[in-house]
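Student: Can you read through this structure? Questions will come right after.
The values are calculated or read from the model by the stated rules, or taken from the named source; none is laboratory data. Just so it is clear, the structure is predicted and the values come from calculations on it, not from any experiment. Cβ atoms come from the backbone with ideal geometry, glycine included; neighbour counts cover every protein chain shown.
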Amino acid sequence: MPAVRFLASLADVPAPAWDALHDGRNPFVSHAFLRGLEAEGCLRADWGWRPHHASLWEADRLVAAVPGYLKDNSHGEFVFDHAWAHAYAQHGLDYYPKWLGAVPYSPVTGPRLLASEVGHRAALLGAIEKEARRLGLSSAHINFHPEAEDAAFPDAWLARTDVQYHWRNPGHWRTFDGFLADLDHKHRKNIRQERAKVARTGVTFRVLHGDEASDADLQAMFGFYLRTFRDYGNSPALTLGFLRHLARTLPRSLVMFLADHDGEAIAGALCLRGGDALYGRYWGAATALPGLHFETCYYQGIDYCLREGLTVFEPGAQGEHKIARGFLPAFVHSRHWISEPDFAAALAAWCEQETAAVHRYARTLRSHTPFKGQG
């Protein structure tokens with residue numbers, strides 16, 4: 001039987017050993033990304049993030065793992081369980097702390113049960129349940145796992161479903177005009193007008209990978225990120241050191257779209273690139289120009305995917321406005337183990353009702369497709 005260890009830092013695992021557990025196509029589960037969050041000040045106990053990674057070992061060889069955290073709140077998760085926490089409080093019970101298997105601040109679907117053997121996946125989940133009981137936690141959660149991992153979860157892990165908006169190349173788009181040709185007249189005209197507005201202002205764009213970006217470029221992007229968080233009254237978690245770390249350790253995975261005007265960067269979008277996908281994460285602007293947000297965050301990314309042969313563009317969570325720009329509803333998944341039997345039973349019914357409602361919502365959204373012949 002493999003030995004179970006819960007790790008307080010990925011510094012305890014050599015990068016090659018961790019990265020041997022996944023296929024390298026999703027940068028968010030890489031040792032460089034996850035360890036960078038820890039090392040560069042992005043995870044703080046007072047923000048509710050304490051690394052507690054589940055791992056299985058055969059002698060000194062790491063054979064399976066889940067990136068995991070002890071959480072004192074639900075900050076930075078994007079699978080919302082505040083109603084669950086409120087229900088616990090109404091019954092005089094503590095919902096926090098809980099254990100979370102996820103990538104912090106990243107509502108991106110990707111491998112979570114990092115194990116090639118089915119038996120190791122089951123062992124991981126059993127170890128997580130046992131650890132949650134040992135620590136007296138209310139629950140354990142795994143967010144944004146791929147549908148292919150669903151079979152590994154016992155029935156006791158409740159299933160939740162939500163909707164995001166993803167761009168997918170059906171295989172025949174080679175250029176942006178080819179993509180537009182499949183849209184109906186109204187939406188095709190609207191996108192062309194939005195792009196033309198930006199072009200008329202004289203804004204130009206630079207597309208930079210991590211190894212092509214200067215430190216000034218990284219500082220500019222970080223400044224845009226800070227501005228967006230300040231505008232919305234949120235506390236920024238990422239640090240400039242983390243961006244520099246990504247540029248150094250994941251040089252071809254980090255992708256930035258910087259908008260320049262009169263020789264100065266005025267806006268930017270920060271993305272990560274995977275095996276066949278682009279993932280939009282953050283954006284910001286120093287000035288408001290018509291169409292600048294859509295061009296920087298969506299159209300530049302679509303152009304990049306078409307040039308690079310990427311088939312999927314996930315621009316981030318939420319936003320029905322993305323449908324009109326070619327991003328269609330896609331389901332995302334999470335699983336939840338609840339230690340209290342009465343709450344587990346009540347939440348099982350709640351999750352079933354929520355899933356049915358989400359599927360009805362997705363059907364409604366799909367009726368508003370911008371693509372010809374699909375409405």
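Student: Confirm whether PHE78 is on the phi > 0 side of the Ramachandran plot, hydrophobic (A, V, I, L, M, F, W, C) and touching a residue at least 60 places away in the same chain (Cβ under 8 Å). Please lay out each step first, then the result.
Tutor: Working: on the phi > 0 side of the Ramachandran plot: yes; hydrophobic (A, V, I, L, M, F, W, C): yes; touching a residue at least 60 places away in the same chain (Cβ under 8 Å): yes.
It is true that PHE78 is on the phi > 0 side of the Ramachandran plot, hydrophobic (A, V, I, L, M, F, W, C) and touching a residue at least 60 places away in the same chain (Cβ under 8 Å).
Student: Then there's this: Which residue pairs have Cβ atoms under 7 Å apart, sit 6 or more places apart or on different chains, and have a first residue in the range 131-160 that is over 13 Å from ARG335 (Cβ atoms) and hydroxyl-bearing (Ser, Thr, Tyr) and a second that is in a strand (DSSP E or B) and modelled with pLDDT of 95 or more?
Tutor: So the pair list comes out as SER138/LYS98.
Student: In the range 17-41, how many are in contact with a Pro (Cβ under 7 Å, 6 or more places away or on another chain) and either closer than 30 Å to THR311 by Cβ or among the aliphatic types (A, V, I, L, M) (or both)? Even if it seems obvious, please write down each step before you answer.
Tutor: Initially, the range 17-41 is screened for residues in contact with a Pro (Cβ under 7 Å, 6 or more places away or on another chain), giving 22, 26, 29, 33-34, 37-38.
In the following step, the residues that additionally are either closer than 30 Å to THR311 by Cβ or among the aliphatic types (A, V, I, L, M) (or both) were identified as 22, 26, 29, 33-34, 37.
The total comes to 6.
Student: Shifting gears a bit: Which number in (1) surrounded by 14 or more Cβ atoms within 10 Å (Cβ to Cβ); (2) under 30 Å from VAL207 (Cα atoms) marks the one condition that THR355 misses?
Tutor: Evaluating THR355 over (1) surrounded by 14 or more Cβ atoms within 10 Å (Cβ to Cβ); (2) under 30 Å from VAL207 (Cα atoms) leaves (2) as the failure.
For (1) outside the structural domain of THR355 (by TED's automatic domain parsing); (2) modelled with pLDDT of 95 or more; (3) not in a loop (DSSP other than H, G, I, E, B), each residue gets a yes or a no:
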residue: ASP46; (1), (2), (3): no, no, yes
residue: TYR69; (1), (2), (3): no, yes, yes
residue: LEU100; (1), (2), (3): no, yes, yes
residue: PRO111; (1), (2), (3): no, yes, no
residue: GLY126; (1), (2), (3): no, yes, yes
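Student: Let me ask you something else. Considering every residue within the range 56-69, establish whether at least one is closer than 20 Å to ALA156 by Cβ, surrounded by 15 or more Cβ atoms within 10 Å (Cβ to Cβ) and not aliphatic (A, V, I, L, M).
Tutor: yes
Student: Follow-up. Which one of these is without any contact (Cβ under 8 Å) to a residue 60 or more places away in the chain and within 22 Å of SER138 (Cα to Cα): ALA65, ALA59, ALA54?
Tutor: Working: ALA59 fails: within 22 Å of SER138 (Cα to Cα); ALA54 fails: without any contact (Cβ under 8 Å) to a residue 60 or more places away in the chain.
Going through ALA65, ALA59, ALA54 in turn, just one is without any contact (Cβ under 8 Å) to a residue 60 or more places away in the chain and within 22 Å of SER138 (Cα to Cα): ALA65.
Student: Right, another one. Determine the pairs where a residue that is more than 19 Å from HIS293 (Cα to Cα), located within the range 176-194, has a partner that is of a type outside the set (Phe, Trp, Tyr) and at pLDDT below 95 with Cβ atoms under 6 Å apart, the partner being 6 or more residues away or on another chain.
Tutor: So the pair list comes out as ASP184/LYS372.
Student: Would you confirm whether or not the range 120-131 contains a residue that is surrounded by fewer than 23 Cβ atoms within 10 Å (Cβ to Cβ) and within 16 Å of PHE343 (Cβ to Cβ)?
Tutor: Yes, the range 120-131 contains a residue that is surrounded by fewer than 23 Cβ atoms within 10 Å (Cβ to Cβ) and within 16 Å of PHE343 (Cβ to Cβ).
Student: Then there's this: Any idea how many residues of the range 229-255 are within 24 Å of THR204 (Cα to Cα), in contact with a Gly (Cβ under 6 Å, 6 or more places away or on another chain) and surrounded by 15 or more Cβ atoms within 10 Å (Cβ to Cβ)?
Tutor: 2
Student: Would you check if LEU258 is part of a helix (DSSP H, G or I), assigned by TED's automatic domain parsing to the domain that holds THR204 and free of Cβ contacts under 8 Å to residues at least 60 places away in the same chain? Can you show your working first?
Tutor: On the way: part of a helix (DSSP H, G or I): no; assigned by TED's automatic domain parsing to the domain that holds THR204: yes; free of Cβ contacts under 8 Å to residues at least 60 places away in the same chain: yes.
No: the conditions fail for LEU258.
Student: Now for a separate question. Tell me, which residue of the range 136-183 that is in a loop (DSSP other than H, G, I, E, B) and of a type in the set (Ser, Thr, Tyr) is surrounded by the fewest Cβ atoms within 10 Å (Cβ to Cβ)? Show your work before the answer.
Tutor: Here is the first cut: in the range 136-183, the ones in a loop (DSSP other than H, G, I, E, B) are 136-138, 144-146, 153-156, 169-175, 182.
Applying the additional criterion that residues be of a type in the set (Ser, Thr, Tyr) yields 138, 175.
Details: SER138: 20, THR175: 11.
Among them, the one singled out is THR175.
Student: Is there any pair with a first residue in the range 8-21 that is assigned by TED's automatic domain parsing to the domain that holds PRO67 and a second that is in a loop (DSSP other than H, G, I, E, B) and of a type outside the set (Ser, Thr, Tyr) whose Cβ atoms are under 7 Å apart and which are 6 or more apart or on different chains, and what are they?
Tutor: That search, which allows pairs on different chains as well, returns ALA8/HIS52; LEU21/ALA115.
Student: Hey, another quick one. Would you point out the residue of the range 245-275, among those that are touching a Leu at 6+ places or on another chain (Cβ under 6 Å) and not hydrophobic (A, V, I, L, M, F, W, C), that is nearest to HIS293 (Cα to Cα)? Show your work before the answer.
Tutor: Within the range 245-275, the first condition is being touching a Leu at 6+ places or on another chain (Cβ under 6 Å), and the residues that meet it are 246-247, 253-254, 256, 265, 267-268, 271.
With the extra rule that they be not hydrophobic (A, V, I, L, M, F, W, C), the set shrinks to 253, 268.
On the way: SER253: 22, GLY268: 9 Å.
So the residue we want is GLY268.
Student: What residue, of TRP49, TRP18, TRP57, is over 30 Å from TYR225 (Cβ atoms) and either of a type in the set (Asp, Glu) or in contact with a Lys or Arg (Cβ under 9 Å, 6 or more places away or on another chain) (or both)? Break it down stepwise before answering.
Tutor: Details: TRP49 fails: over 30 Å from TYR225 (Cβ atoms); TRP18 fails: over 30 Å from TYR225 (Cβ atoms).
The unique qualifying residue is TRP57.
Student: A further question on this structure: Quickly run through the range 211-257 and pick out the residues that are under 23 Å from ASN26 (Cα atoms), within 19 Å of the chain's Cα centre (by Cα) and small (Gly, Ala, Ser).
Tutor: Passing the criteria: ALA237, ALA247, SER253.
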